[in-house]
1. Rounding to the nearest 20 debye, state how big the charge dipole of the stretch 7-82 is about its Cα centre with +1 on each Lys and Arg Cβ and -1 on each Asp and Glu Cβ.
2. Can you sort Glu66, Glu90, Glu84 from fewest to most other Cβ atoms within 10 Å of each residue's own Cβ?
3. According to a simple spin-label model (label point 7 Å from Cα along Cα-to-Cβ), what is the distance in nm between Lys41 and Asn62?
4. Taking 7 Å along the Cα-to-C-beta vector as the label spot, tell me the Leu83-Gln49 distance in nanometres, rounded to one decimal.
Amino acid sequence: MSKPFDMELFMAGVLTGSYATRQRHLRQAKVIQAAIAKRWKRDIPWAWQRKHLAWFLAYHLNQRSESTRYRYFLTVKLLTTKLERTWVFERVPPMPKLTLSPPKR
């Protein structure tokens, strides 16, 4: 049986910044990996295509706050750098704010 993919070793070359930032990127990369593995059965980043990461940004994070989506966007940029791809992703537009109108009398 093969060993599980080591995301920490994979991301080691592109992680910079403070310890907390590096740990956040690692944690988010593992979440991205788990979501893509569950949806498409692609366990290792080398098997990913652009559509997998685009799906994650657009649909998997659609109920998250704008700041959370931005941080995952930064992690996706690091993943594409490590994969040596020229994929460009647009930032996911902010969710429309729901406004409740006052009850009619």
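1. On the way: 15 positive and 3 negative charges, 33 e Å.
That gives a dipole near 160 debye.
2. Working: Glu66 13, Glu90 9, Glu84 6.
With the fewest neighbours first, Glu66, Glu90, Glu84 line up as Glu84, Glu90, Glu66.
3. Once both label points are built, they end up 2.5 nm from each other.
4. 1.1
FYI, it's all coordinate maths here, none of it is from the lab. Just so it is clear, the structure is predicted and the values come from calculations on it, not from any experiment. Virtual Cβ from ideal backbone geometry, glycine too; neighbours counted across all protein chains shown.
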